[in-house]
There are 2 protein chains.
Amino acid sequence: MTGERADQTQTVAQTSEEELLRQIFPLLPPGRATIVPPGDDAAVVAAPDGRFVVSTDVLVEDRHFRRRWSSGEDVGRRAAAQNLADVAAMGARPTALVVSLVTPADLPVEWVLGVARGLAAGCGPVGAAVVGGDLSSGPVVVVSVTVHGTLEGRAPVLRSGARAGDVLAYAGVRGRSAAGLALLEAGVVGPDDARTAGYLRPEPPLAAGPVAADAGATAMLDVSDGLLRDAARIARASDVAIDVRYGAFDADVAALQPAARDLTLIAQTDADAAGVASRTDALVRDWILAGGEDHGLLATFPEGAVPAPFVQVGRVTAGEGVTVDGLPPGGSATGWDHYGSR
Amino acid sequence: MTGERADQTQTVAQTSEEELLRQIFPLLPPGRATIVPPGDDAAVVAAPDGRFVVSTDVLVEDRHFRRRWSSGEDVGRRAAAQNLADVAAMGARPTALVVSLVTPADLPVEWVLGVARGLAAGCGPVGAAVVGGDLSSGPVVVVSVTVHGTLEGRAPVLRSGARAGDVLAYAGVRGRSAAGLALLEAGVVGPDDARTAGYLRPEPPLAAGPVAADAGATAMLDVSDGLLRDAARIARASDVAIDVRYGAFDADVAALQPAARDLTLIAQTDADAAGVASRTDALVRDWILAGGEDHGLLATFPEGAVPAPFVQVGRVTAGEGVTVDGLPPGGSATGWDHYGSR
């Protein structure tokens, strides 16, 4: 028991990089596309159709997560999820990740192993490997992941292919990450509350990416910065207008109402029932239209070609810009800027 | 002129992520292997022989560089160099990089653009592109680069293929990075002194990697942690012994003597001539055998197969471990541990 407790409290400064890597490697999934695994200067990964998809994302402590809310495993899962979603959004299947991890000297080794387990939990089910990494010390935790995928002969789905007459469709949940973060920030609940899971451990619909490509998706991206903001990116790249139908998100509205009501009651103890209801609805609407980091897939398809699990959530028309039920969105529904405020 | 000065002092907090990316993209080289360039959720890169090589490395401010010594361009060049060397060490040719950049809010935009220019300076000559990136704020600068390469049909050169009877060979300079860092740390010179260039802007012999593979190299790596430490990695992975011949580095010894002498004289003002000479020689020997981050290529070849620009620097024999001229190396010649001390 004493030895176990000692392991739990050992810090990265009390070990060596090589020893840490020795503990990390067995936790990582091997993956089907790995030709040369970690251990040399570089790994070698299969790219059967002569191309590979690549994207990178970084998570910074106190900017993208807080250690009092997110375990190492949570951060690993989130880093995997947001990167894997970028590959799916091209219509590709993930094959391999590499990870740079910066850690404060006093970070428990156990937290680092948690990151490895979280990455494995995200990658394993889709057959992707972690094929390389680098460790360094630094003042805060930084997890930088680069993800790779294979298009398996498909044409990549870009942001620029939407055409007037297409339908807008979405796969995945909306607003769960924003709601979970709001609950944690308000101190209403702790990270054990199930309603925070969408923020702490998002689960993008990864298999939907290749499905969309095979069904003829004309444009696609993963919604990391908010539905309206990311829809505007498709509109701009494709030179079209997009109208979002808010009623398409009824199931998300129902799921988010309890959290929104809790937060409204805390903020406005003296409000009347109508005020609470109105404020709750506004909060839910903001989470759904502007909340980031659910990492669902937003795509456009020719009329009649929307495949499950996508559901139609709007239309593509001639023109420019994004509207909601025909009206300018207004409010705070502009999404997330990593250098600005929410 | 006023507008120009304003641009020079603008910080990343005074701009948006999108505006910053708009300024960065034109600085980046397009590369010959890029199929889908930056701008979508992921890039698509060619992998003509159905495989790609991938490696990642991270540079952290005040751990791997100091901003008072390294310009943004220096850091970009160094990040490119150390990553490109990992690809070369597999016998591959670099094709594409992705970069995560974490920046303090008060970092000048000009410094960030410098990083982009430095990456371009490193990648451009070898035809590699920067195909993606992510920006975030954080307490210190962190540059995480993932590099990709193509083997062009070659078998990857691993660390594990050295055989007794092979010769040990090296391409590149030795000790320049360690000497440059020592000069800067001692305050002997500033970053404008030419003797610091090997630390601030290492130039690995990238073309030598594929040359080595074509010549039948049996093992190879890039020397990032010191010659003896990295030679020990080949010895361990290949289950052989390696003997380094110090006399093979005469040209490096001559090039490093002035810097070592300057540092010795500063540290030991009352030493006699013999003491200075002895200490100078020891310092040079330490830089050559244990200095990290020159990113030259250390490889093993069958007898008689060493191609230029490699030069023979030792022998592979049966047994285990690394010796110098037949003797245990001793001293501080153990190289760099990112979690330990030098």
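The values are calculated or read from the model by the stated rules, or taken from the named source; none is laboratory data. Keep in mind it's a predicted model, so treat the numbers as computed, not measured. No Cβ is skipped: glycine too gets one built from the backbone with ideal geometry, and neighbour counts run over all protein chains shown. All accessible areas refer to the heavy atoms of the entire protein, side chains included, with ligands and DNA or RNA removed. Shrake-Rupley method; radii C 1.70, N 1.55, O 1.52, S 1.80 Å.
Could you please let me know if A:Asp86 is surrounded by 19 or more Cβ atoms within 10 Å (Cβ to Cβ) and within 7 Å of chain B (Cβ to nearest Cβ)? Lay out the reasoning, then the answer.
On the way: surrounded by 19 or more Cβ atoms within 10 Å (Cβ to Cβ): yes; within 7 Å of chain B (Cβ to nearest Cβ): yes.
Judged against the criteria, A:Asp86 is a match.
Can you pull out the residues in region B:206-217 that are more than 14 Å from chain A (Cβ to nearest Cβ) and out of contact with any Lys or Arg (no Cβ under 8 Å at 6 or more places or on another chain)?
Filtering region B:206-217 down to residues more than 14 Å from chain A (Cβ to nearest Cβ) leaves B:207, B:211, B:214-216.
Matches in region B:206-217: B:Ala207, B:Val211, B:Ala215, B:Gly216.
Looking at B:Val140, is it facing chain A (nearest Cβ under 7 Å), crowded, with 24+ Cβ neighbours inside 10 Å and at pLDDT 95 or above?
Numbers: facing chain A (nearest Cβ under 7 Å): yes; crowded, with 24+ Cβ neighbours inside 10 Å: no; at pLDDT 95 or above: yes.
Judged against the criteria, B:Val140 is not a match.
Of the conditions (1) within 26 Å of A:Pro156 (Cα to Cα); (2) modelled with pLDDT under 90, A:Glu17 clears all except one; give me its number.
The failed condition is (1).
Can you give me the number of residues within region A:218-258 that are touching a helix residue (DSSP H, G or I) at 6+ places or on another chain (Cβ under 9 Å), within 11 Å of another protein chain (Cβ to nearest Cβ) and more than 16 Å from A:Gly314 (Cβ to Cβ)?
Residues meeting the conditions: 3.
Quick one: B:Asp49 ticks every box in (1) farther than 17 Å from B:Gly127 by Cα; (2) out of contact with any Gly (no Cβ under 8 Å at 6 or more places or on another chain) except a single one, so which number is it?
(2)
Run B:Gly91 past the list (1) more than 11 Å from every other protein chain (Cβ to nearest Cβ); (2) surrounded by 24 or more Cβ atoms within 10 Å (Cβ to Cβ) and report the number of the one that doesn't hold.
Failed condition: (1).
Tally the residues that are touching a residue at least 60 places away in the same chain (Cβ under 8 Å) and either part of a loop (DSSP other than H, G, I, E, B) or of a type outside the set (D, E, K, R) (or both), restricting the search to region A:72-97. Walk me through how you get there before you give the answer.
Within region A:72-97, the subset touching a residue at least 60 places away in the same chain (Cβ under 8 Å) is A:74-96.
Among the residues that remain, those that are also either part of a loop (DSSP other than H, G, I, E, B) or of a type outside the set (D, E, K, R) (or both) are: A:75-76, A:79-85, A:87-92, A:94-96.
Going through region A:72-97 one residue at a time, the tally reaches 18.
Hey, could you check region A:144-159 for residues that are within 8 Å of chain B (Cβ to nearest Cβ) and open to solvent by 10 Å² or more (accessible area, probe 1.4 Å) and say which is nearest to A:Pro48 (Cα to Cα)?
A:Pro156
Out of B:Val126, B:Val141, I need the residue that is closer than 18 Å to B:Arg67 by Cβ and not assigned by TED's automatic domain parsing to the domain that holds B:Ala290. Which one? If you could, list the steps in order and put the result at the bottom.
Values: B:Val126 fails: closer than 18 Å to B:Arg67 by Cβ.
Answer to the check: B:Val141.
Among residues belonging to region A:118-136 that are surrounded by 19 or more Cβ atoms within 10 Å (Cβ to Cβ) and over 24 Å from B:Phe52 (Cβ atoms), point out the one that is farthest from the other protein chains (Cβ to nearest Cβ).
A:Gly118
Quick check: is even one residue across region B:177-196 within 14 Å of another protein chain (Cβ to nearest Cβ) and within 28 Å of B:Val99 (Cα to Cα)?
From region B:177-196, those within 14 Å of another protein chain (Cβ to nearest Cβ) are none; that's our starting set.
Among the residues of region B:177-196, not one is within 14 Å of another protein chain (Cβ to nearest Cβ) and within 28 Å of B:Val99 (Cα to Cα), which makes the answer no.
Looking at the structure I just gave you, is B:Val102 without any contact (Cβ under 8 Å) to a residue 60 or more places away in the chain and surrounded by 24 or more Cβ atoms within 10 Å (Cβ to Cβ)? Even if it seems obvious, please write down each step before you answer.
Numbers: without any contact (Cβ under 8 Å) to a residue 60 or more places away in the chain: yes; surrounded by 24 or more Cβ atoms within 10 Å (Cβ to Cβ): yes.
So B:Val102 passes the test.
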